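Shown below is the structure under consideration.
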Amino acid sequence: MTAYDIILRPVVTEHSMLGSADKKYTFIVHPDANKAMIGQAVEEIFGVKVAKVNTMNYDGKVKRMGAGRPGRRSGYKKAIVKLTEDSKSIEFFDGMV
């Protein structure tokens with residue numbers, strides 16, 4: 001698995017943008033990726049130093065899919081990556097705050 005297979009997309013919400021001031025960045029990641037793989041992928045893609053990685057698994061919500069038939073949204077895995085104090089910030093998130 002390459003670094004771009006592990007990091008699927010950034011999470012751009014109001015709550016996740018508040019964490020960027022503390023050098024915490026949120027990403028949707030591959031469900032099979034572990035914390036070490038996620039940290040290495042972020043370091044490789046963005047050229048930063050990772051201090052800590054927290055991960056959360058989310059189950060898909062049950063939703064109606066027309067005429068009351070139940071369906072399910074897909075689940076996903078989210079990672080919050082904290083960078084070291086001496087590391088530079090990720091430029092992608094700088095213009096959004």
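With every protein chain left in place and a probe of 1.4 Å, what is the accessible surface of THR84, to the nearest 10 Å²?
Rounded to the nearest 10, the figure is 40 Å².
With point charges of +1 on the Cβ of Lys and Arg and -1 on the Cβ of Asp and Glu, referenced to the Cα centre of the range 22-97, which listed residue (VAL81, ILE28, VAL53) lies farthest in the positive direction of the dipole?
After comparing all options, I get ILE28.
Ok, one more. Where the convex hull is taken over the Cα atoms of the range 21-70, what is its projected area averaged over directions, in nm²? Before the final figure, lay out the partial values.
Values: hull surface 21.7 nm².
Orientation-averaged projected area of the Cα hull: 5.4 nm².
Once every Cα of the chain carries one equal point scatterer and solvent is ignored, give the base-10 log of I(q)/I(0) from the Debye formula at q = 0.14, 0.16 Å⁻¹, two decimals.
Debye intensities relative to I(0), on a log10 scale: -0.55, -0.67.
I would also like to ask the following. So how much slack lies between SER89 and LEU8, counting 0.36 nm per residue of separation and subtracting their Cα-Cα distance, in nm?
Taking SER89 through LEU8 to full extension adds about 27.2 nm, to one decimal.
What FRET efficiency do you get for VAL62 and ALA36 if R0 is 41 Å and r is their Cβ-Cβ distance, rounded to the nearest 0.05?
0.80
So what's the back-of-envelope 222 nm ellipticity for the chain, counting only DSSP H runs of four-plus at -39500 (n - 2.57) apiece and dividing by all residues, rounded to 500?
-6500 deg cm²/dmol
Something else now. Rounding to the nearest 10 and keeping the result within 0 to 90°, find how far the Cα-based axis of helix 35-46 lies from the longest principal axis of the chain.
60 degrees
The values are calculated or read from the model by the stated rules, or taken from the named source; none is laboratory data. Since this is a predicted model, take the numbers as computed values, not measurements. Cβ coordinates were reconstructed from backbone atoms using ideal geometry, including for glycine residues, and neighbour counts include every protein chain displayed. With ligands, DNA and RNA removed, areas are computed over all heavy atoms of the protein, side chains included. Shrake-Rupley method; radii C 1.70, N 1.55, O 1.52, S 1.80 Å.
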